[in-house]
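Before any comments, here is the structure.
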Amino acid sequence: MSVVVYLANQQIQIIEGTKSGKGLATIKRYLTLEAPEGSVINGVVMDEDAFVEFLQEAWHKAKLPTRDIILVINSTKFVGRTLELPAFNEKTTYEYIGREFAEVGREEVEQIFSYIPIGKAEPKAQPVEKPAEKPDKSRVKDKLKKDVKKRHDARSKAKAAAAKKEKQAEEKKEKAAAKGRLNKYYVEGVDREYVSDCASIFTQAGLKLAAVYSDGSNLITLCEATSAKRFNTFVLLVADAMTLTTILWVNGSFNYGNTVRCFFEQGTPEYAGDVARSVSQLIQFMKSSQSGAELQGIEIAGVDPNDLPMYAEAIETMGTSAPVRLYTPTGAAATDPELQKYLHTVSGLYGAYRTQDFLIKVLHHKKESDTSGLNATLKLFVPAFIVFIIMSIVFVAMTIVKRGKVKQLEALNEYNERPDVMMSASVFDALQERTEFLVAQYNAIMEIDEDILTYPCGNSDVMQVFRTCAAGYADIEFGAFDAQSGTLSITAKASEVEQINKFIRRLMDDPTFNEVNYTGYDYEDDIEKWKINITTTLAESVGRGDVKKLLEESRSRMGKSSSDSSEGSSDDNSEEVTDMPDDTDDTVDQDVIQFEEDEQETDEMLNEEAE
């Protein structure tokens, strides 16, 4: 006993029944349940948690089997079309269908497909071949005379071979169509993830799915097992809430199917008008195909049986004389007319083809994923195992090397722990610390020397610069000199006013002065000259040339003493402790005394120069 669940909107239809070997279905019971509001829209579960809880509660209350469950989905996510294909095997057929649906799906979404045979393709009319025109002999001779090159002949042969091959392929296809070897299939495609999510929801509810079908293909197989045995050409109408599904069967095979939305309530004349218009459109479509078939009957399901005369009258008003009857599957529907409202759900028992089941493709993909995952694991494991073997060999080799290095380390540790070596190391550390202290002191002294040399000095050289600039323009008297700021005040006296600006310009252009502050001039009657007041700021290190020379000689002397001391210490440290002289401390003290004497001598030279 199978359980079929029809998933389309908030009203979930469930039946429990079986299908016999003769194609007849036996229904044990059927029920309609209301899913939580907003949990299912257009066959898509919007709230998984709420829907899983709903399924668990429904199965518990109705005491339905939890295995062998068939899911029928009515959703716009399924895209169907009719294709004509040669008699390929299943794998090649799926590949061909994938190429046909390539423009329908999205690149980032993987699609799965189902297909069912719906008949043979009609033979195409053979084209009438026109007799070939006789060639003009004169033109042929002219052409043969011109086409004498081998390159042209090779090109002509290649074109002829390609044309012949293409013609043979076209003839082969036409012959297959003429012999009826092309089959017609109804094919549907859907996103794999969508079907996988639906199956996952039922698994979370503790229910095991046996198959997942699309409502479109199942209605075709249902018609093939029921209505097609009563009529050769007919129309089936299936009403479901606000939607109407129509199927056109022509000359014993499926021809066309469609689902439309109705905007009126069932049982009203307006709704009957929508039904009649849908039937009229199907009849016009059938006539346009020039099949020559006559409509034998119209069956309708999913409506109130008492409203059947109203639907028949509306269809007859549109110019259709075919009889209208309520759909009655052989067997159960004869005793229970309400079952025709569950036609979508009953179709789940009529899944006649293996290629019709979408769940097989999902499970097959999962199996392929598991197999590919195992292969990927093996592909990763084999290189890892090889790397492990190599690393093991390297580890053993490094262990042997390590043991040899450990022995060498032990010998070095024994040498370092000898008393004489430890004593030598202590003396070296003391001398090193003392040397670092002396070097730091020396560097500090050098920095002080460099800072002192940046101050200008108002000596005779600077005064000579003043005299040179004033020659021929003015007489100079030197004033106070501030060594800290480098300013030197002078008073110049000029006989002519015109010479003052020239004198000031020469001072400003001389690089000896960083700044020349000219405060004006006054005429003194007693000496009959113009008195010029000027304050100058000397540039950095001006007048320090001799001092720098003395300091460089001092540095050279001190550096040589320090180098001799360092070499002596290095030579002494290279010897064993037992060979070192006892007067080591005296030598160090002498170096310090020499360094202090050199420092004192430098200070005296700086003071003399400053004075």
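Points to keep in mind about this one:
- Rounded to 5, percent antiparallel among DSSP beta bridges of region 242-330: 75
- Per residue value of the accessible surface for region 455-497 (all protein chains in place, 1.4 Å probe), Å²: 51
- With each label modelled as a point 7 angstrom along the Cα→C-beta vector, the residue 413-residue 50 pair spans 7.4 nm.
- Computed E for residue 77/residue 289 - FRET, C-beta separation, R0 30 angstrom, nearest 0.05: 0.55
- Normalising the average separation of contacting C-alpha pairs (under 8 angstrom, six or more residues apart) by the number of residues puts the relative contact order of region 1-67 at 27 percent.
- Here the calculated FRET efficiency for residue 539 and residue 443, from their Cβ-Cβ distance with R0 = 30 Å, stands at 0.65, rounded to the nearest 0.05.
- Using a Förster distance of 30 Å, the FRET efficiency for residue 159-residue 88 (Cβ separation, nearest 0.05): 0.45
- Per-atom-type breakdown for region 471-528 gives carbon and sulfur 40% of the accessible area (1.4 Å probe, protein chains only).
- Percent carbon-and-sulfur accessible area, region 182-222, ignoring ligands, DNA and RNA, probe 1.4 Å: 42
- Karplus-based coupling profile of region 419-434, in residue order and whole Hz: x, 5, 5, 5, 5, 4, 5, 5, 4, 4, 4, 5, 5, 5, 5, 5, with θ = phi - 60° in 6.51 cos²θ - 1.76 cosθ + 1.60 and x standing for Gly or Pro.
- Accessible surface for residue 398 stands near 110 Å², nearest 10, in the context of the full protein assembly shown (1.4 Å probe).
- Couplings for region 247-259, taken from phi via the Karplus curve 6.51 cos²θ - 1.76 cosθ + 1.60 with θ = phi - 60°, read 10, 10, 10, 10, 6, x, 8, 5, 10, 7, x, 7, 10 Hz in order; Gly and Pro are left as x.
- Linear extension gain, residue 468 paired with residue 384, 0.36 nm per residue minus alpha-carbon span: 21.3 nm
- Between residue 280 and residue 392, the simple label model (points 7 Å from Cα in the Cβ direction) yields a spacing of 8.5 nm.
The values are calculated or read from the model by the stated rules, or taken from the named source; none is laboratory data. Keep in mind the model is a prediction, meaning the values are calculated, not measured. We place every Cβ from the backbone using ideal geometry, glycine too, and count neighbours over all the protein chains shown. Surface areas here come from the heavy atoms of the whole protein model, side chains and all, with no ligands, DNA or RNA. Shrake-Rupley method; radii C 1.70, N 1.55, O 1.52, S 1.80 Å.
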